[in-house]
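First up is the structure itself, then whatever we jot down about it.
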Amino acid sequence: MEVDGGESIAGAEGPFWELPLELVVWVFSFLDIPSLLRVSATCSYFHAAAALPELWGELVPRELGQEPISSLFLNLADTPPAS
């Protein structure tokens with residue numbers, strides 16, 4: 001299994017390692033912080049997936065009740081230019 005541009009995870013065997021990393025991260029994006037921390041402790045593959053900054057960049061603002069940074073950039077395209 002490769003994570004983060006080619007790094008492999010030792011001992012990556014079993015059905016979970018056949019799932020694309022993007023799918024695992026997408027599933028993890030529905031978890032709250034305590035649940036994500038618990039699942040990251042179950043195996044090295046989940047630990048590596050749960051440590052990705054892209055996941056935390058969306059999760060932390062949501063948990064704090066704030067708008068994620070990425071959605072601000074998405075909304076920027078809809079904003080008319082200042083006059």
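The values are calculated or read from the model by the stated rules, or taken from the named source; none is laboratory data. Keep in mind it's a predicted model, so treat the numbers as computed, not measured. Don't worry about glycine lacking a Cβ; one is built from the backbone with ideal geometry, like all the others, and counts go over all protein chains shown.
Just one of the listed residues (Ser44, Ser40) is at pLDDT below 90 and of a type in the set (Gly, Ala, Ser), and it is Ser44. Taken as a whole, the structure places Ser35 among residues that are part of a helix (DSSP H, G or I), surrounded by fewer than 15 Cβ atoms within 10 Å (Cβ to Cβ) and at pLDDT 90 or above.
Scanning region 47-83 for residues that are in a loop (DSSP other than H, G, I, E, B) and modelled with pLDDT of 60 or more, we see that the one that is surrounded by the fewest Cβ atoms within 10 Å (Cβ to Cβ) is Gly65.
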